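Visitor: Before I ask anything, let me first share the structure, which is written out below as structure tokens.
The values are calculated or read from the model by the stated rules, or taken from the named source; none is laboratory data. These figures come from a predicted structure and were not determined experimentally. Heads up, the Cβs are rebuilt from the backbone with ideal geometry, glycines too, and the neighbour counts pull from every protein chain shown.
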Amino acid sequence: MKHLLKLEDWTTREITDCLNLADQLKYEQKHSIEHKLLKGKTLGMIFEKASTRTRVSFEVGMTQLGGYPLFLSSNDLQIGRGEPVEDTARVLSRFLDGIMIRTFKQEEVEALAKYGSIPIINGLTDYCHPCQVLADLMTIREFKGKLDGLKMCFIGDGNNMMNSLVVGALRMGMSISVACPEGYEPPQHIINFAAEYEDKFEMVRKPLDAAKDADVVYTDVWASMGQEEEKKIREKAFAGYQVNKELMAVTNKECMVLHCLPAHRGEEITADVFEEHANEIFEEAENRLHAQKAVMVKCMGNQEEE
């Protein structure tokens, strides 16, 4: 049984296998080739955080794979009324073939895996966003033809996106430079993880320093879900941490721009840069579907481990 709790748990080979399968599933969908790899299986989708791309991509993806997606908001479950997560895990394991959860605490995802007996997929926590980063890596490889040796830079908050991007980029042979204001750095264990890759990671204060010679520029909103009350404080802290023409001028030629969406034009990214790279950004959004289908097959399918 395989889980996707955080990207650190997957090896380079496991990530590569997942990306290869995602490419295959995307090709087959574009050529109207049906693949009922999860026929008869049911995925419970627990949402304690609202979503557009996560819900639609998992629901559509599970249906395309021949399975049945079951949407469960926290209001639909006793977990929303105080039932311990370990009890919820043991009950749902008797009804479902897998669980995707989008929630706040990483500990809740880990507890589902510990006490349940079915695969658990992390659709997002405050700590990490592994499904998004798999789609990001898939997109970069589509446009660049490779991952190994490329430089990514991330401009913004040391949040769940930065955490997972650092892990994903380094696992796949990329280097990554991040620029964040003081007090908004990624957690120490992510910095410790990156330190194992010697000169492939750097954390700087100035966005232009991070973006120099980058092949991929990535950004995210300044205030994530649940941080709305901090919006004014964050606007002040992140002033200057914007992806704009000046920043793009120091990157490599043909540099990509990615954004996990939703985007706040005029804040973390200017409207002109966003529109210039809209094809890459919306291909990235579409690839959530294909990457997550691959994750579901890897976690819930009947494939023998290689």
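Visitor: State the number of residues belonging to region 193-220 that are in a loop (DSSP other than H, G, I, E, B), without any contact (Cβ under 8 Å) to a residue 60 or more places away in the chain and not aromatic (Phe, Trp, Tyr).
Guide: 4
Visitor: Does Ala113 fit the bill of being closer than 16 Å to Leu5 by Cα, touching a residue at least 12 places away in the same chain (Cβ under 8 Å) and touching a strand residue (DSSP E or B) at 6+ places or on another chain (Cβ under 6 Å)?
Guide: Taking the combined requirement at face value, the residue satisfies it.
Visitor: How about region 171-192: which of its residues are among the polar types (S, T, N, Q), farther than 28 Å from Lys236 by Cα and either crowded, with 17+ Cβ neighbours inside 10 Å or touching a residue at least 24 places away in the same chain (Cβ under 8 Å) (or both)?
Guide: Selection gives Ser175 alone.
Visitor: Right, something else. Can you find, within region 75-107, the residue that is farthest from the chain's Cα centre (by Cα) among those that are of a type outside the set (Val, Ile, Thr), within 20 Å of Gly301 (Cα to Cα) and assigned to a strand (DSSP E or B)?
Guide: Gly98
Visitor: Also: Confirm whether Leu19 is in the same structural domain as Leu112 (by TED's automatic domain parsing), buried (at least 17 other Cβ atoms within 10 Å of the Cβ), in contact with a Lys or Arg (Cβ under 7 Å, 6 or more places away or on another chain) and not small (Gly, Ala, Ser).
Guide: Taking the combined requirement at face value, the residue satisfies it.
Visitor: With the checklist (1) free of Cβ contacts under 8 Å to residues at least 40 places away in the same chain; (2) crowded, with 23+ Cβ neighbours inside 10 Å in hand, flag the one item Gly61 doesn't pass.
Guide: (1)
Visitor: Okay, next question. In the list Leu43, Leu37, Leu72, which residue meets the criterion of being surrounded by 15 or more Cβ atoms within 10 Å (Cβ to Cβ), in the same structural domain as Gln292 (by TED's automatic domain parsing), modelled with pLDDT under 95 and not in a helix (DSSP H, G or I)?
Guide: After ruling out the rest, the residue left standing is Leu72.
Visitor: Looking for something at pLDDT below 95, surrounded by fewer than 18 Cβ atoms within 10 Å (Cβ to Cβ) and under 19 Å from the mean Cα position of the chain (by Cα) - is there at least one such residue anywhere in region 236-252?
Guide: No, there is no match, as no residue in region 236-252 is at pLDDT below 95, surrounded by fewer than 18 Cβ atoms within 10 Å (Cβ to Cβ) and under 19 Å from the mean Cα position of the chain (by Cα).
Visitor: Any residue in region 224-243 that's under 23 Å from Lys49 (Cα atoms): show its pairings with residues that are modelled with pLDDT of 95 or more and part of a helix (DSSP H, G or I) at Cβ separation under 8 Å, as long as the two are six or more apart or on different chains.
Guide: These pairs meet every condition: Ser224/Asn160.
Visitor: Now a separate question. Select from region 1-16 the residues that are within 17 Å of the chain's Cα centre (by Cα) and outside any helix (DSSP H, G or I) and write down the one among them that is surrounded by the fewest Cβ atoms within 10 Å (Cβ to Cβ).
Guide: In this case the residue turns out to be Thr11.
Visitor: Can you name the residue in region 119-150 that is under 17 Å from Phe58 (Cα atoms) and assigned to a loop (DSSP other than H, G, I, E, B) and, of all such residues, is nearest to the chain's Cα centre (by Cα)?
Guide: His129
Visitor: For region 279-291, check the following and say yes or no: at least one residue is polar (S, T, N, Q), on the phi < 0 side of the Ramachandran plot and either surrounded by 13 or more Cβ atoms within 10 Å (Cβ to Cβ) or in contact with a His (Cβ under 9 Å, 6 or more places away or on another chain) (or both).
Guide: Yes, region 279-291 contains at least one residue that is polar (S, T, N, Q), on the phi < 0 side of the Ramachandran plot and either surrounded by 13 or more Cβ atoms within 10 Å (Cβ to Cβ) or in contact with a His (Cβ under 9 Å, 6 or more places away or on another chain) (or both).
Visitor: Read through the list (1) free of Cβ contacts under 8 Å to residues at least 12 places away in the same chain; (2) crowded, with 21+ Cβ neighbours inside 10 Å, then give the number of the only condition that Cys131 fails.
Guide: Evaluating Cys131 over (1) free of Cβ contacts under 8 Å to residues at least 12 places away in the same chain; (2) crowded, with 21+ Cβ neighbours inside 10 Å leaves (1) as the failure.
Visitor: Could I ask something else about it? Any residue in region 137-155 that is closer than 21 Å to Lys212 by Cβ sitting within a Cβ distance under 7 Å of a residue that is among the basic types (Lys, Arg)? List the pairs, counting only those 6 or more apart or interchain.
Guide: Between residues of region 137-155 that are closer than 21 Å to Lys212 by Cβ and residues that are among the basic types (Lys, Arg), the close pairs are Leu147/Arg141; Leu150/Lys144.
Visitor: Could you look through region 259-278, keep only residues that are of a type in the set (D, E, K, R) and not in a helix (DSSP H, G or I), and pick out the one that is surrounded by the fewest Cβ atoms within 10 Å (Cβ to Cβ)?
Guide: Arg265
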